[in-house]
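Worksheet: the structure to be examined is printed underneath.
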């Protein structure tokens with residue numbers, strides 16, 4: 001309904017921003033991460049928005065990037081995750097971190113979000129694992145570049161997802177590629193199994 005609001009930041013709290021657009025102040029619900037990254041009061045800002053319309057409310061949820069907005073839209077399709085829960089998760093992890101947590105089955109990382117229990121975190125992984133792709137992430141471009149230069153680059157979806165997850169955990173891209181490529185029988189393993197096997201080789 002409203003694609004974005006582009007104006008001057010009038011007020012910021014932990015979960016809400018007021019954006020002055022042509023003299024009209026829009027209340028926009030935001031994550032704690034977005035609040036921390038917003039320009040200061042009096043400065044220009046653009047928030048990509050999701051509109052939630054109910055019988056008793058009309059709310060805008062805002063994000064600094066389209067990527068954050070898209071992952072938020074996926075989150076709220078999960079049973080038990082409403083807009084508030086989606087913002088809670090994105091308050092403790094970025095879009096790419098969330099994708100890597102889903103791909104690697106790391107429910108504990110997701111459950112760190114306030115109000116998100118272990119079962120709900122596991123449901124997020126089950127419901128979204130097939131909807132998350134490695135080429136949705138920023139790191140995919142780095143992997144693609146490595147593939148053009150390095151004959152040991154990951155050459156399957158399972159390998160790519162495992163390498164991306166390892167990089168997100170702080171390992172170097174070269175050592176991640178080496179560990180993943182040293183795993184035997186990888187064609188019969190899913191991404192989570194590949195990641196676990198690669199982590200064992202890191203120690």
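Which residues does the label zone of residue 122 cover in segment 86-108, counting backbone N under 17 Å from a point 7 Å along Cα→Cβ?
102-108
For the Cα atoms of the chain, what angle does the longest principal axis make with the long axis of helix 83-92, in degrees from 0 to 90, nearest 10?
Roughly 60 degrees, rounded to the nearest 10.
Among 38, 59, which comes first, then next, by fewest other beta-carbon atoms within 10 Å?
Taking fewest neighbouring Cβ atoms as first place, the list is 59, 38.
Once you have the Cα-Cα distance between residue 84 and residue 201, take 0.36 nm times their residue separation minus that, and quote the gain in nm to one decimal.
Between residue 84 and residue 201, full extension yields 38.2 nm more.
Taking the beta-carbon count within 10 Å as an exposure proxy, list 1, 202 from fewest neighbours to most.
Taking fewest neighbouring Cβ atoms as first place, the list is 1, 202.
If you bin every alpha carbon distance in segment 4-63 into 10 Å steps from zero, what whole percent lands in each bin?
Distribution as computed: 26, 59, 15, 1 percent.
What is the projected area of the convex hull of the Cα atoms of the chain, averaged over all directions, in nm²?
That works out to 13.0 nm², a quarter of the Cα hull's surface.
How far is it, in nm, from the label point at residue 131 to the one at residue 27 when both lie 7 Å from their Cα along the line to the Cβ?
Output for this residue pair reads 2.8 nm.
Neighbouring Cβ atoms within 10 Å as the yardstick, rank 120, 51 fewest first. The partial results should precede the final answer.
Details: 120 19, 51 11.
Sorted ascending by nearby Cβ count, the order is 51, 120.
What do you get for the angle between helix 157-168 and the principal long axis of the chain? Use alpha-carbon atoms, 0 to 90 degrees, nearest ten.
60 degrees
To the nearest Å, what is the center-to-center distance of segment 1-33 and segment 34-60, using C-alpha atoms only?
Cα centroid of segment 1-33 versus Cα centroid of segment 34-60: 4 Å apart.
Could you work out how far helix 66-75 tilts from the main Cα principal axis of the chain, as a 0 to 90 degree angle to the nearest 10?
Around 80 degrees separate the two axes.
Which number do you get for Rg(Cα) / (2.2 N^0.38 Å) in segment 69-131?
0.91
Each value in this text was obtained by applying a stated rule to the coordinates, not by laboratory testing. Owing to the predicted nature of the structure, the values given are computational and were not obtained by experimental measurement. Counting neighbours? That spans all protein chains shown, and the Cβs are built from the backbone with ideal geometry, glycine included.
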